[in-house]
Each structure stands twice: as C-alpha cells, then as structure tokens.
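Student: This structure is in structure tokens; I'll ask about it shortly.
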Amino acid sequence: MISMPASAPRTERFPGPAPTTAERAVGAYLGLAIGDALGATVEFMTPTEIAVAHRRQGGRHTEIVGGGWLRLRAGQVTDDTTMALALGEAILGAEGRIEAEACAKAFDGWMRSRPVDIGNTVRRGILHFRNTGAVHVPPSQDAGNGAAMRCLPVALALAGAPRGRLDEAALLQARVTHHNPLADAVVCVLVRMVSELICGAPASCLLDLASEVAAEHPQLRFRGRPCSNPSGYVVDTFRAVMQGVVDTDDFESCLVDVVNRGGDADTTGAIAGMLAGACYGLEAIPRRWIDALDAQVREACCSQALRLLAYAPVEDLADCRH
Ligand code: MG
Ligand code: MG
C-alpha cells in the first residue's frame, strides 16, 4: 500500500527520487479530486471577480474552502470526481475491462444518486440510455468536456497498453454521453497522456502528445493568447489546462494557475490536477490540500487508483516502472 506523505508539503520542484508508478496513479486520482474541490469555489467566476473576492489573499484563490455557486462543504467534490469514481467501480466490477453497458449503467446509477451537479450533455446521454437502452449517443455538434473530465479510470486500468487499445476504451466510456470529433480527440489524448506519465514518461511527453492531436485538430493548439474564463467547450478546457500544466513546474503552481482562470474551473482544475498528479506524484501534492479533501472521497480515490492499476498491462509496466 502507498502511504500518505507525513512531512510538510514540498511545493518546489520535487528533488527526491522519481515517483513510483503507484505514487503517480494515486497522485493523479487525488489531483483530480483536489482540482475539482479547489476549482468549484470559483466555477463560473471571471479572473477579475476571483481577484476581487480574494484581494485579502493576494488576489489568488489557493485554498480548498468550499462555497461557490453550488454552496459546497469545504473538501466536497462535484460531478467531475464522482463520475470518475462511478466509472472506476464499473471497470473494477468488470475485472478491469471497459464495457460500454457497464459504464452506461454506472452513469445511470450515478445520476439516480442525485449528484450535486450534472452537465446538460451528460444528462441527455444518460437519459438516452435509460429510455432506449442504447449505450452510445449518435454523433452531435456538442463538444462539451463532460467525457474528458471522468476519463482517468480508463487510463489507470490500461496504463502502458498500446495506443489503439487506449483510444478504443477511452471512446467506449465517452460515447455514452458525448460523440463529437473534438470531444473524442481530447478524451483520447488525455488517456494517452496519463498512461505515459503513469509509466514514468517525462513531462515532455505532454508536449509531444498535444502536438500530435493539434496536427489533426488545429483548434486544440494551446500556445498563444492565454485562455482565460474557459467555458465547458472541450477546446477551451484543453487549452486552459495545457497552458497551466506546461507553464508551471510543480503541482501547486499548476492548479493555482488553472483555477484562477475561472470559468469551468472545477473541470479545468480536475483535469490539470490529474495530469500534474500523474507527472509529479503523490509526494508533490501539498499536504494541506490532501487533508482538506473530503475523507471518504480521499480514501475512495486512493483505493480505486491502486485497484485499477492492478489491471494495467503488467509486462509493459514492468519495462517502464520507475
Ligand atoms: Mg463539476
Ligand atoms: Mg465544471
């Protein structure tokens, strides 16, 4: 089992040994939940509104305190994390396989549990399954970020698998609710990114994979004008996340950068936290953020990360384990 860091947080570039595969996996899942909980406080605010509201804290939102438009308890997470946990349980129930029907049933059960929030495209997709039994929605113009925000369990269960297998599994879960070329491309590249990072690839793999996806979908080029106040459009989400991840070199700076862009801050925070956690590992996550997270969510994330990782292709992981 992996243990929580007992020492004070290290927010500078982590100077110790490279994180293990398990530390990267747990870091990714805690990073997702922490980014969600941190960002939810400022979801739908503009950067200027955030700066004014946090003027006594230097104009930056940096603590997990709850509140926001959902009036969350401190440490409470939203649909980004709870949908990922539902998907992860479906994968574990299928002994590590990603099966569309199991995913759809898990999302249906999640919606029946009265989640604190739910996106319109996600709701439509789940109702489509409930009413027709179809596990995938038809192609649409809707390129929202709801399938991207929950993709982590797929990357953990298949870490190190060949690209074709990763893409196929990523889309099996995504198309329960989303079916659009841009939404598909972002889900697939995020799963590839996490898979490579979990296997110990350097942070530069993020640039390589982002360049590949942008060659096919130029809208996803993230360099250039800073992406401020990102909407739920997956292009905005991807650009804001990549700018934050690439322009910082530690977990805390990355999340503070991304959530202070405002807009869909819980989702950009969740995805950035997933990537930064996989990149820097558990030990790089500030202890105060781990402690602030809802205890049940924290335990579920740690437990699920390791159980999903146990299904990852062992022969590939053995080659790239650090
Ligand atoms: Mg949310
Ligand atoms: Mg959101």
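Student: Give the residue that is surrounded by the most Cβ atoms within 10 Å (Cβ to Cβ), with candidates limited to residues of the range 46-68 that are under 21 Å from the mean Cα position of the chain (by Cα) and hydrophobic (A, V, I, L, M, F, W, C).
Tutor: So the residue we want is I64.
Student: Right, R150: modelled with pLDDT of 95 or more and outside any helix (DSSP H, G or I) or not? Outline the logic, then answer.
Tutor: On the way: modelled with pLDDT of 95 or more: yes; outside any helix (DSSP H, G or I): yes.
Considered against the rule, which asks whether it is modelled with pLDDT of 95 or more and outside any helix (DSSP H, G or I), R150 comes out as yes.
Student: Hey, can you tell me all the residues within the range 108-135 that are in a loop (DSSP other than H, G, I, E, B), over 18 Å from the mean Cα position of the chain (by Cα) and without any contact (Cβ under 8 Å) to a residue 40 or more places away in the chain? Reasoning before the result, please.
Tutor: Taking the range 108-135 first, the residues in a loop (DSSP other than H, G, I, E, B) are 113-119, 133-135.
Filter again for over 18 Å from the mean Cα position of the chain (by Cα), leaving 113-114, 133-135.
Matches in the range 108-135: S113, R114, G133, A134.
Student: Now for a separate question. Residues of the range 259-305 being within 16 Å of ligand 1 (Cβ to nearest atom), touching a Pro at 6+ places or on another chain (Cβ under 9 Å) and hydrophobic (A, V, I, L, M, F, W, C), which ones? Spell out the reasoning first.
Tutor: First, the residues of the range 259-305 that are within 16 Å of ligand 1 (Cβ to nearest atom): 259, 261-274, 293-294, 297, 301.
Now restrict to residues that are touching a Pro at 6+ places or on another chain (Cβ under 9 Å): 261-265, 267-268.
Selection gives A265 alone.
Residue-wise test of (1) in a loop (DSSP other than H, G, I, E, B); (2) out of contact with any Phe, Trp or Tyr (no Cβ under 7 Å at 6 or more places or on another chain); (3) not acidic (D, E).
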{"residue": "G164", "(1), (2), (3)": "no, yes, yes"}
{"residue": "A170", "(1), (2), (3)": "no, yes, yes"}
{"residue": "H178", "(1), (2), (3)": "yes, yes, yes"}
{"residue": "V191", "(1), (2), (3)": "no, yes, yes"}
{"residue": "E196", "(1), (2), (3)": "no, yes, no"}
{"residue": "G200", "(1), (2), (3)": "yes, yes, yes"}
{"residue": "L206", "(1), (2), (3)": "no, yes, yes"}
{"residue": "L209", "(1), (2), (3)": "no, yes, yes"}
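Student: Turning to a different aspect of this structure: Can you pull out every residue in the range 75-107 that is more than 16 Å from ligand 2 (Cβ to nearest atom), not small (G, A, S) and not in a helix (DSSP H, G or I)?
Tutor: Across the range 75-107, the qualifying residues are E95, R97, I98, E99.
Student: Which number in (1) under 21 Å from C188 (Cα atoms); (2) surrounded by 20 or more Cβ atoms within 10 Å (Cβ to Cβ); (3) within 16 Å of ligand 2 (Cβ to nearest atom) marks the one condition that C227 misses?
Tutor: The failed condition is (1).
The values are calculated or read from the model by the stated rules, or taken from the named source; none is laboratory data. This structure is a prediction, so every number in the text was calculated from the model and none was measured. Neighbour counts are summed over all protein chains in view; Cβ atoms, including those assigned to glycine, are modelled from backbone coordinates with ideal geometry.
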